[in-house]
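Only one structure is covered here, and it is reproduced in the block below.
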Amino acid sequence: MRPTGAHPRLNRGRVLAGLLCAFALGAAVCMAAPQSEYRVKAVFLFNFAQFVEWPPETFRGPEEPFVIGILGSDPFGADLDAVVQGETVGQRRMAVERYRSVAELRNCNILYIGRNEIEHLPQILAALKGRSILTVSDADEANQSGVMIRLLNQSSHIRMQIDVGAAKRGNLTISSKLLRPAEIVNTGEG
């Protein structure tokens, strides 16, 4: 039972506000405990939707949801679903979808690429070529050229590495508020 006056969104709101402050101040986000790592990363995915602009033709109609997809193994459990529940991007409701293969993707806007799929990264990125899908990974492998945002765990902190060339090739505009605290890499305009 929830204490009188407590609101289920209040804690999420505080977490979101804290992460937004971290983005604005350029600080890395410190994880309080290992079990909260993917809860924090779920909030990152939610916030990416607020700080990235997709081209209007990305959406087929006003009722189409804004989709965060997970390709491969799902480390988030119910955390990502809880973070986006009842939320919107603009006027679009948010939804989470899980995919076993890249061929299943239909209307995905942000795609988290699971660690078990990184060995197939060249094929995944080739299948997404020409589509405005923000790709995100937190795999430890160093060579992830073409992944737009990497979430790196360094000394119990989550840091962002953003490939601006890959984002540009996907017709995505990333806000300076998101770029400021990140390490910027650029795989070129091509």
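Values in this text are rule-based calculations from the coordinates and carry no lab data. Given the structure is predicted, the values throughout are model-derived calculations rather than measurements. Don't worry about glycine lacking a Cβ; one is built from the backbone with ideal geometry, like all the others, and counts go over all protein chains shown.
Values computed for the structure shown
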| item | result |
| --- | --- |
| Segment 102-112: number of residues that are surrounded by fewer than 19 Cβ atoms within 10 Å (Cβ to Cβ), in contact (Cβ under 8 Å) with a residue 12 or more places away in the chain and either among the small types (Gly, Ala, Ser) or within 27 Å of ASN143 (Cβ to Cβ) (or both) | 2 |
| Hits in segment 101-112 - residues which are among the small types (Gly, Ala, Ser) and part of a loop (DSSP other than H, G, I, E, B) | SER101 |
| Candidate set: segment 57-99, residues that are among the small types (Gly, Ala, Ser) and assigned to a strand (DSSP E or B); chosen: the one surrounded by the fewest Cβ atoms within 10 Å (Cβ to Cβ) | ALA95 |
